[in-house]
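Below is one structure, written out as structure tokens; the observations come after it.
What follows is calculated from the coordinates using simple rules that are stated; it is not laboratory data. Bear in mind that the values here come from a model prediction, so they are computed numbers and not experimental data. Glycine also receives a Cβ, built like all others from the backbone with ideal geometry; neighbour counts cover every protein chain displayed.
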Amino acid sequence: MRVKVALWSPEELELDHLPLLEDEKTGVWFQVTDIKQYLYCPRLVYFAYVQPLPVHKPAKVEEGQVSHEELKSRLLRHWPRALPRGQEVLLDVPLVYAPWRLTGRVDALILRDDDTAVVVDFKHARTVRPGWKMQVVAYGMLVEQVLGYNVPEGYIYLTRIRKAQKVVLRPSLRRRVMAIQEAMRAMLEQDRWPEGPSGRGPCVACEYRRFCNDRF
Ligand code: SF4
């Protein structure tokens, strides 16, 4: 099985660099990672789009980016046993779908010989966190729209324990992805300050903590 990196530059997913029609430049464009962020706390999306604030990336985010590069070079040499195989695997595939105003970069796309594909999101973690599953579903839906493959399933691969969790792209999860996008769009278009998560747990390590003075 051949594993290769998709050829693209990070700027390709910046709106200014996308070959968009005039009417496609209207409205709010989201990234798939916004869906994960929204599920962690809707305020993270509000801050990112309405009120960008000077926050420092936590060290673990920086580390995560470094390890992503290391992981990529490892994957080019050795494909994990816990993941399915196909005819070919593409790493770091950029996806842009104007009707949904949604972009993303899927970590790995396994192409099979029956016109189906499997998306994989790599996480430098030991356990799956809320929101990651919906991220995988959104990547799969984008691949279907942009590249035309049928994507029945995806995987979250936990690099720290070398295990994979399968995510079946059920209709209910697909509907949820669309509903989350609508909710994010409504929040921004109405400039509505959202509630935080129900518990305080997510706030403890949040870089926006000092801007949410109703949480502690
Ligand atoms: S501190 Fe809590 S409420 Fe505020 S953005 Fe972070 S997670 Fe959300």
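Legend: Rg and Dmax of the chain, from Cα coordinates, 17.6, 54 Å. Placing +1 on the Cβ of every Lys and Arg and -1 on the Cβ of every Asp and Glu, with no other charges, gives the chain a dipole of roughly 1380 debye about its Cα centre. Over segment 62-190, one equal point on each Cα, no solvent: what is log10 I(q)/I(0) by the Debye formula at q = 0.14, 0.19 Å⁻¹? Normalising to I(0) and taking log10 leaves -0.62, -1.11.
Peptides 198-204, 98-104, 153-159 ranked from most to least packed, by the mean per-residue count of other Cβ atoms within 10 Å: 153-159, 98-104, 198-204. Computed about its Cα centre, the charge dipole of segment 63-137 is approximately 320 debye, with only Lys, Arg, Asp and Glu carrying charge at their Cβ. Computed 3J(HN,Hα) for segment 160-172, one whole-Hz value per residue from the Karplus formula 6.51 cos²θ - 1.76 cosθ + 1.60 where θ = phi - 60°, is 6, 10, 6, 10, 10, 10, 7, 10, 7, 7, 6, x, 5, glycine and proline marked x.
Oblate is the label for segment 123-216, because a/c, from the alpha-carbon gyration tensor with a ≥ b ≥ c as root eigenvalues, is 1.5 or above and a/b does not exceed b/c. I'd like the antiparallel share, as a percent to the nearest 5, of DSSP beta bridges with both residues in segment 76-192. Within segment 76-192, antiparallel bridges account for around 75 percent of the total. A dipole drawn for segment 95-184 from +1 and -1 charges on Cβ atoms has a positive end, and of LEU95, ILE161, MET134 the residue lying farthest that way is ILE161. Charges were assigned to the Cβ only: +1 to each Lys and Arg, -1 to each Asp and Glu. The resulting dipole of segment 102-216 about its Cα centre is roughly 680 debye. Near TYR155, the amide H atoms lying under 5 Å from its own belong to VAL119, VAL120, ASP121, VAL167; only residues 5 or more places off or on other chains count, and H is placed 1.01 Å from N.
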